[in-house]
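Please read the structure below before turning to the comments.
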Amino acid sequence: MQPSKAEDVQAWEPRIVAFLCNWCSYAGADLAGVSRIQYPPNVWVVRVPCSGRFNPLYIIKALQSGADGVLVSGCHPGDCHYISGNLAARRKFSMIKDLLGYAGIEPERVQFTWVSASEGGRYAEIVDKVVSQVRALGPNKKLRKCPGQAGLGAAAR
Ligand code: FES
């Protein structure tokens, strides 16, 4: 028996892919974990050496592969271990966000932020906010490849 539409909506949980820089945001996420700060378990973390290393195509690939939202986070301005990678990341992010908006992707689905290694609580708050906003939007149906193709779950294995 096929599940009803109402059951599908109830079972749906947002899937967020988070690209976190190794030195600050990833450490902040780690601190949230070791501090046992509660936050939604809806995030797949991809650790990158620096947020400046993130390629805008990663966002498109994540959305195509079944992500409902994407978060990019790096060190605060002035704290990047590679001087200005975070500022380059913000410029790249701004460009791709405009392009995604043109393609009909809601602005809340793709977000950019700064989190330091000492901000475990801030990381948890940001994840909470992003998950809530994406949950309110519902599943991502734009850019997504056919359901029969390998999705985010398969990519994470
Ligand atoms: Fe964290 Fe560059 S090292 S943003």
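None of the figures in this text is laboratory data; all of them are computed from the coordinates on show. Everything numeric in this text was worked out from a predicted model, so none of it was measured. Here the Cβ is made from the backbone with ideal geometry for all residues, glycine too, and neighbour counts use every protein chain on show.
Observations on the model:
- Note on the chain: Cα-only Rg and Dmax are 15.7, 57 Å.
- Exposure proxy ranking, count of Cβ atoms within 10 Å, fewest first, for 109, 91: 91, 109
- Computed extension gain for residue 45 through residue 81, at 0.36 nm per residue and net of the alpha carbon distance, reaches 11.0 nm.
- In terms of distances greater than 18 angstrom between alpha carbons, the cross-link table entries 92/141; 61/129; 97/145; 97/142; 61/142 yield 92/141; 61/129; 97/145.
- Around residue 47: net Lys/Arg minus Asp/Glu count, Cβ-Cβ under 13 Å: 0
- Whole-Å semi-axes of segment 46-133's equivalent ellipsoid (Cα gyration tensor): 21, 16, 11
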